[in-house]
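Below is one structure; the comments refer to it alone.
The values are calculated or read from the model by the stated rules, or taken from the named source; none is laboratory data. Just so it is clear, the structure is predicted and the values come from calculations on it, not from any experiment. Counting neighbours? That spans all protein chains shown, and the Cβs are built from the backbone with ideal geometry, glycine included. Please note that ligands, DNA and RNA were not included when accessible areas were found on the heavy atoms of the full protein model with its side chains. Shrake-Rupley method; radii C 1.70, N 1.55, O 1.52, S 1.80 Å.
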Amino acid sequence: MNKKHTIYLLMLIILLGVFLRFYNLGEESFWLDEGGTALNIKKYDSLETLDNIVKHGHILPEYYPYYNDDLPAYPIILNTWAKIFGISEFSLRAFSAILGSLALIAVFYLARYLFNEKIALLSAFLASINLTLIWSSQEARQYTYLLFLSLLSVIFLLKSLKECKTRHIIGLLVVNALIIYSHFPWFMFIALEGVYALYIIYRDYADKKELHKK
């Protein structure tokens, strides 16, 4: 398969994935958690949302006084999005649908980096029709936001360990900072990346008897 055929197939896969993620996107009304997301954007701007999280641990402390597990990155980013595109079922879900579509490109790139173009195309195709990924891309929640950032994080991690370029390390730090300030359980994701990085660093040191300072 030549490069032109790969690009054409990837474009078709991405178009399929985009269609499935945007199909009937605003047809159903918000469910409970999506409603909380929309209500936060309607009631508070980004600075007020940050203040609520710092003081109360929640984006809507008056409605959820006993929960204190919210982090600021996603609601602030979505708040900025809503200022441009408005607050509706379609507009808020479109943010997730776009990131879910971009995640297909990240899946292709990661699979090609680890394996080859055929596996990368198959991986992107399976991701494009995966019902769970389609569903999460049609929610005004942070599921595909975290998926996309996690894929970027893994890509930057692998390239940092293999190529040791400063831009990859900076990209890894920035993406992981967004992840850390988005969702508590993703601390485990970062920790596992750290364990893997230490393993690769130790393995390279054992082979070369020299520690790469960067």
Fill in: Candidates LEU126, LEU211, filtered to the one that is farther than 30 Å from ILE41 by Cα, in contact with a helix residue (DSSP H, G or I) (Cβ under 6 Å, 6 or more places away or on another chain) and either buried (at least 17 other Cβ atoms within 10 Å of the Cβ) or among the aliphatic types (A, V, I, L, M) (or both)
LEU211
Discussion item. Can you pull out every residue in the stretch 131-182 that is of a type in the set (Gly, Ala, Ser) and assigned to a helix (DSSP H, G or I)?
Written reply: SER136, SER137, SER150, SER153, SER160, GLY171, ALA177
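Please specify each residue of the stretch 152-197 satisfying the condition of being at positive phi and open to solvent by 80 Å² or more (accessible area, probe 1.4 Å).
none
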Worksheet item: Restricting attention to the stretch 96-119, which residues are without any contact (Cβ under 8 Å) to a residue 24 or more places away in the chain and not charged (D, E, K, R)?
Response: ILE98, ALA111, PHE115, ASN116, ILE119
Response to the item:
Of those in the stretch 100-119 that are open to solvent by less than 20 Å² (accessible area, probe 1.4 Å) and either of a type in the set (A, V, I, L, M) or closer than 19 Å to ARG141 by Cβ (or both), the residue farthest from the chain's Cα centre (by Cα) is ALA111
Worksheet, complete the sentence: Filtering the stretch 87-110 down to residues that are assigned to a helix (DSSP H, G or I) and β-branched (Val, Ile, Thr) yields ILE98, ILE105, VAL107
Fill in: Only listed residue being β-branched (Val, Ile, Thr), within 16 Å of TYR109 (Cβ to Cβ) and in contact with a Ser or Thr (Cβ under 9 Å, 6 or more places away or on another chain), chosen from VAL154, VAL175
VAL175
Worksheet item: Within the stretch 51-70, is even one residue open to solvent by 20 Å² or more (accessible area, probe 1.4 Å) and in contact (Cβ under 8 Å) with a residue 60 or more places away in the chain?
Response: yes
Worksheet item: If ASP70 satisfies every condition in (1) in a helix (DSSP H, G or I); (2) closer than 25 Å to VAL174 by Cα but one, which is the exception?
Response: (1)
Practice prompt. Mind counting the residues in the stretch 1-30 that are among the hydrophobic types (A, V, I, L, M, F, W, C) and free of Cβ contacts under 8 Å to residues at least 60 places away in the same chain?
Written response: 5
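I'd like to know if the stretch 37-44 contains one or more residues that are aliphatic (A, V, I, L, M), part of a helix (DSSP H, G or I) and under 17 Å from GLN138 (Cα atoms).
yes
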